[in-house]
Amino acid sequence: RAPIAAEDQLLVQHTNVVQSPPDEMCSICMWSLQEPSGFSDEDEAVGVASRMAGFGSDGVVRLVLCDHLFHLACVRQMVKNSPQYLECPNCKTLHGEKHGNQPNGHMNVTTVSHSLPGYPNCGTIQITYNISSGIQGPDHPRPGRPYHAIGFPRMAYLPNNQKGKTVLKMLKEAWRRRLVFTIGTSVTTGIQDAVTWNEIHHKTEWTNFNGHGYPDPSYLDNTLKELARHGVTETTLV
Ligand code: NAD
Ligand code: ZN
Ligand code: ZN
């Protein structure tokens, strides 16, 4: 017997079967929930989850955290390439733990006694990210091609106060979940297959020489929001 596919485990964990679906639209296939999904087919769409739950590819499921409804086959198609988490297409609520495709590397943390502009007398947390160039894997945009780690080691700074320590804790978790960097085209340099920042902003400068430094009173709160958008919040830490 075939093992349960990762995407089916995810669906069993984060969805419930809806017995009598309302006449509403599935926002993935834009078709009524009372009609079969556009993704229905014999071999693929009817997964282990659907058989376990006792329905076919025209089944409808409810996401457990946000209550939004979709065709099972549509959700299943959506999570196929990211079977650790399910992000609701309607409201972005994350079910499960989102992991990225950040290449292997190291994150090191030290403290320095110097204080950042806008945060006097607390000293500074200095993060060093080190990633080397390599070959892209199956979860990268162009598997088998090289990727280029440009501008490493990269240094980033946080005030060594309560909120700075909280952001550091979240960044460590984001690093563990491989969310801090990704591979793509660098907006700044235009270089393809480059290791780039992944929507979690870092202060790589001490002062605002290129706009990536201090002072910036809203930076720590903004970063906490960016982390939360990736599903990294205080309540998700163990
Ligand atoms: P990118 O240009 O694709 O942009 C992705 C995000 O990173 C954007 O939100 C952008 O605003 C932000 N960003 C761009 N430059 C940044 C910088 N210097 N510091 C902090 N955030 C920055 O991202 P990328 O290709 O990863 O980085 C852009 C360039 O910055 C690269 O050429 C890299 O070499 C250079 N860089 C150097 C260092 C260093 O310490 N030497 C540190 C960070 C970035
Ligand atoms: Zn659908
Ligand atoms: Zn939702």
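Please treat every number below as a calculation from the coordinates, not as lab data. Bear in mind that the values here come from a model prediction, so they are computed numbers and not experimental data. Note that each Cβ is placed from the backbone with ideal geometry, even for glycine, and that neighbours are counted across all protein chains shown.
Taking label points 7 Å from Cα along the Cα-to-Cβ direction, S133 and H148 give a separation of 0.7 nm.
Which net charge results when you count Lys and Arg as +1 and Asp and Glu as -1 among the other residues whose beta-carbon is under 11 Å from that of Q192? For residues surrounding Q192, the net value is +1. Multiplying the residue separation of Q19 and N90 by 0.36 nm and removing their Cα-Cα distance gives an extension gain of 23.5 nm. A Cα-only calculation for region 105-236 places Rg and Dmax at 15.2, 49 Å. Set the Förster radius R0 to 30 Å, insert the Cβ-Cβ distance between S32 and N81 as r into 1/(1 + (r/R0)^6), and round the FRET efficiency to 0.05. That pair, S32 with N81, gives E of 0.70. Adding -39500 (n - 2.57) for every DSSP H run of four residues or longer, then dividing by how many residues the chain holds, sets the calculated 222 nm ellipticity at -6000 deg cm²/dmol. Considered as an equivalent ellipsoid built on the Cα gyration tensor, the chain has semi-axes of 41, 21, 15 Å, the largest given first.
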